[in-house]
Amino acid sequence: MNRVFLAAALAVSAATPAAAQFLGMPVWNSPKGGTGITISGDYGKPNADWGKGNAFGARGTAGLGNLNVTLGFSTWKPSGATTSLKSVGGDAAFRVIGGSLLPINLNLLVGGARTTASGATGSLTTLIAGGGVSVSLPTPGVSVEPYLSLANRWHNPSSGSTESNFGWTIGANLGFGMMGAHIAYDSESSNGTTGGILGIGVHVSLKVPMM
């Protein structure tokens with residue numbers, strides 16, 4: 001088990017909390033970005049190294065052209081735990097390359113979240129910094145954006161030392177007009193253990209053209 005997460009003693013029975021930003025979830029990204037408001041509902045499934053269990057969450061994203069700002073939360077109950085961990089946070093993604101006229105998109109991503117558990121005296125703060133690259137595929141009737149993200153993750157328990165890990169996320173965003181879906185797999189290595197999280201979700205986008 002991961003020493004940092006045990007020391008966080010949010011801690012939920014003997015389980016090791018899943019990493020990434022919102023615990024139990026991949027680090028979601030859309031290097032293409034966009035404009036308007038997007039509401040997402042998410043589900044995450046950590047592997048055995050990250051404590052198993054099920055995670056549920058929601059996010060709201062405001063797209064301002066090259067800049068996307070997201071606020072969200074997740075709740076995750078590891079397998080065998082008696083309580084759930086709740087993460088609240090947000091991120092900002094800045095598109096460096098791409099847009100409506102370019103099929104290749106590149107962005108920079110920074111974010112953070114705070115995780116607590118019912119009855120626990122401690123908390124866990126997670127920060128991420130990295131970026132992603134995606135391709136806008138020219139598929140008729142549907143928007144397809146496969147992407148790869150690379151990011152460093154810092155996990156700082158309220159009682160204990162900060163741990164710095166590298167992780168990657170591979171995923172895709174699909175759009176069918178206002179409705180859409182997203183899928184991602186997130187991997188992070190920590191103290192010789194590689195944890196993984198499979199995430200899926202749906203979203204509703206209210207797009208606003210830029211003047």
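The values are calculated or read from the model by the stated rules, or taken from the named source; none is laboratory data. Source: prediction; values computed, not measured. Positions of Cβ are backbone-derived with ideal geometry, glycine not excepted, and every protein chain shown enters the neighbour counts. These area figures cover heavy atoms from the full protein model, side chains too; ligands, DNA and RNA do not enter into them. Shrake-Rupley method; radii C 1.70, N 1.55, O 1.52, S 1.80 Å.
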- Item | Residue among ALA172, ALA113 that is in a strand (DSSP E or B) and buried (at least 22 other Cβ atoms within 10 Å of the Cβ) | ALA113
- Task: Can you give me the number of residues within region 144-167 that are over 27 Å from LYS32 (Cα atoms) and part of a strand (DSSP E or B)?
- Result: 5
- Message: Can you tell me how many residues within region 35-61 are part of a strand (DSSP E or B), touching a residue at least 60 places away in the same chain (Cβ under 8 Å) and either polar (S, T, N, Q) or surrounded by fewer than 22 Cβ atoms within 10 Å (Cβ to Cβ) (or both)?
- Response: 9
- List, please: which pairs have Cβ atoms under 6 Å, are six or more places apart or on different chains, and start with a residue in region 181-196 that is at positive phi and end with one that is of a type outside the set (Phe, Trp, Tyr)? ASN191/ASN2
- Might you check whether a residue that is within 18 Å of the chain's Cα centre (by Cα), at pLDDT below 95, among the basic types (Lys, Arg) and closer than 21 Å to TYR185 by Cα occurs anywhere in region 50-63? yes
- Query: Quick one: how many residues across region 64-82 are among the polar types (S, T, N, Q), closer than 30 Å to GLY99 by Cβ and either at pLDDT below 95 or more than 15 Å from the chain's Cα centre (by Cα) (or both)?
  - Reply: 1
- If you scan region 128-146, which residues turn out to be buried (at least 17 other Cβ atoms within 10 Å of the Cβ) and either in contact with a helix residue (DSSP H, G or I) (Cβ under 7 Å, 6 or more places away or on another chain) or more than 18 Å from VAL96 (Cβ to Cβ) (or both)? SER143
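Residue-wise test of (1) within 13 Å of ASN29 (Cβ to Cβ); (2) in contact with a Leu (Cβ under 6 Å, 6 or more places away or on another chain).
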{"residue": "THR115", "(1), (2)": "no, yes"}
{"residue": "SER123", "(1), (2)": "no, no"}
{"residue": "LEU127", "(1), (2)": "no, no"}
{"residue": "GLU145", "(1), (2)": "yes, no"}
{"residue": "HIS155", "(1), (2)": "no, no"}
{"residue": "LEU174", "(1), (2)": "no, no"}
{"residue": "MET179", "(1), (2)": "no, no"}
{"residue": "TYR185", "(1), (2)": "yes, yes"}
{"residue": "SER205", "(1), (2)": "no, no"}
- Message: Condition first: closer than 25 Å to ASN156 by Cα, among the small types (Gly, Ala, Ser) and touching a residue at least 60 places away in the same chain (Cβ under 8 Å). Now tell me which residues in region 73-117 satisfy that.
- Response: SER79, GLY80, ALA81, SER84, SER87, GLY89, ALA93, GLY111, GLY112, ALA113, ALA117
- Note on the structure: Just one listed residue, out of SER118, SER190, SER123, SER149, is open to solvent by 70 Å² or more (accessible area, probe 1.4 Å) and either of a type outside the set (Ser, Thr, Tyr) or closer than 24 Å to GLY51 by Cβ (or both), and it is SER118
- Note on the structure: If we keep only residues of region 36-86 that are polar (S, T, N, Q) and in contact with a Lys or Arg (Cβ under 7 Å, 6 or more places away or on another chain), then the residue farthest from GLY196 (Cα to Cα) is ASN66
